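Asks: Quick one: the structure is below, questions incoming.
Every number here is computed from the coordinates shown, using simple stated rules; none is lab data. In this text the structure is predicted, and so the values were computed from the model without any measurement. Using ideal geometry, Cβ is built from the backbone for each residue, glycine included, and neighbour counts are taken over all protein chains shown.
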Amino acid sequence: MQDWLSRHRGQTLELDRARQLEFGVPISAARAVLVAVTLQDGDPTTTQLGGVVRAIANRSLAEPVRLVFEGRSPAHLQPEDAETAASELLDTISRLVVEDEPVAEVA
């Protein structure tokens with residue numbers, strides 16, 4: 001997770017024609033990585049969600065990393081809509097990390 005977030009720091013990932021995820025620079029800590037994330041939907045000047053994603057490792061390598069989003073909706077989404085968007089944001093990040101297959105660099 002830390003490698004993936006590091007490779008995408010400062011980048012904007014197009015999710016579809018209207019939605020983008022923007023990542024800040026990740027900060028690593030003991031068993032955790034934190035990164036600022038914004039979700040843009042349609043209008044690039046209006047942020048739907050903005051906050052911090054925490055990727056928290058489990059003590060057991062057999063257990064998956066837990067993703068947590070803490071933030072707010074500058075677009076003033078209704079609480080239910082903001083919660084749905086945050087859940088989709090975490091699901092999307094999780095899917096992107098799983099689908100990403102780093103290519104070995106060949107000299």
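Asks: At 222 nm, what value in deg cm²/dmol follows for the chain if DSSP H runs of at least 4 each add -39500 (n - 2.57) and the sum is divided by all its residues, to the nearest 500?
Replies: -8000 deg cm²/dmol
Asks: Tell me, what does the Kirkwood hydrodynamic radius of the stretch 1-106 come to in angstroms if you use every pair of distinct C-alpha atoms? Don't skip to the end; give the middle numbers.
Replies: Numbers: mean 1/r = 0.0693 Å⁻¹.
So the Kirkwood estimate lands at 14.4 Å.
Asks: Using only Cα atoms, tell me the angle between helix 79-99 and the longest principal axis of the chain; keep it within 0 to 90° and round to the nearest 10.
Replies: Once rounded, one gets 30 degrees.
Asks: Could you order the peptides 72-81, 46-55 from most to least packed, using the average number of other C-beta atoms within 10 Å per residue?
Replies: 46-55, 72-81
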